Amino acid sequence: MATDPARARWFAIVAVRIGCTLAAVLGIVLLARGEETGQKLLGAAIVVVALWSMAIFPRALARRWRSPRP
């Protein structure tokens with residue numbers, strides 16, 4: 001049975017979403033447990049970048065891998 005490239009691409013998009021979610025959780029943990037201002041700023045920056053990545057990267061991958069229109 002031949003491997004379907006769409007399945008591998010779907011798994012890649014899901015992996016990006018999971019990775020971004022884990023990064024956002026890490027940022028929230030840093031925000032909650034950070035004792036210094038620098039740690040809290042780093043946590044906030046990680047959350048913002050993770051949320052931005054979660055919104056942009058899966059859509060960009062789907063657009064890149066879109067089937068050509070007939």
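The values are calculated or read from the model by the stated rules, or taken from the named source; none is laboratory data. A quick note: this is a predicted structure, and the numbers were derived from the prediction, not measured. For neighbour counting, all protein chains shown are included, and Cβ atoms are generated from backbone atoms with ideal geometry for every residue, glycine included. Please note that ligands, DNA and RNA were not included when accessible areas were found on the heavy atoms of the full protein model with its side chains. Shrake-Rupley method; radii C 1.70, N 1.55, O 1.52, S 1.80 Å.
General observations
- The residue of region 29-51 that is nearest to A62 (Cα to Cα), among those that are loosely packed, with under 15 Cβ neighbours inside 10 Å and β-branched (V, I, T), is V49.
- Here M54 passes the criteria (1) of a type outside the set (K, R); (2) open to solvent by 90 Å² or more (accessible area, probe 1.4 Å); (3) part of a helix (DSSP H, G or I) except the one numbered (2).
- Where F11 falls short, out of the listed (1) loosely packed, with under 11 Cβ neighbours inside 10 Å; (2) in contact with a Lys or Arg (Cβ under 6 Å, 6 or more places away or on another chain): (2)
- Per-region count, region 17-70, residues among the aromatic types (F, W, Y) and closer than 22 Å to R7 by Cβ: 2
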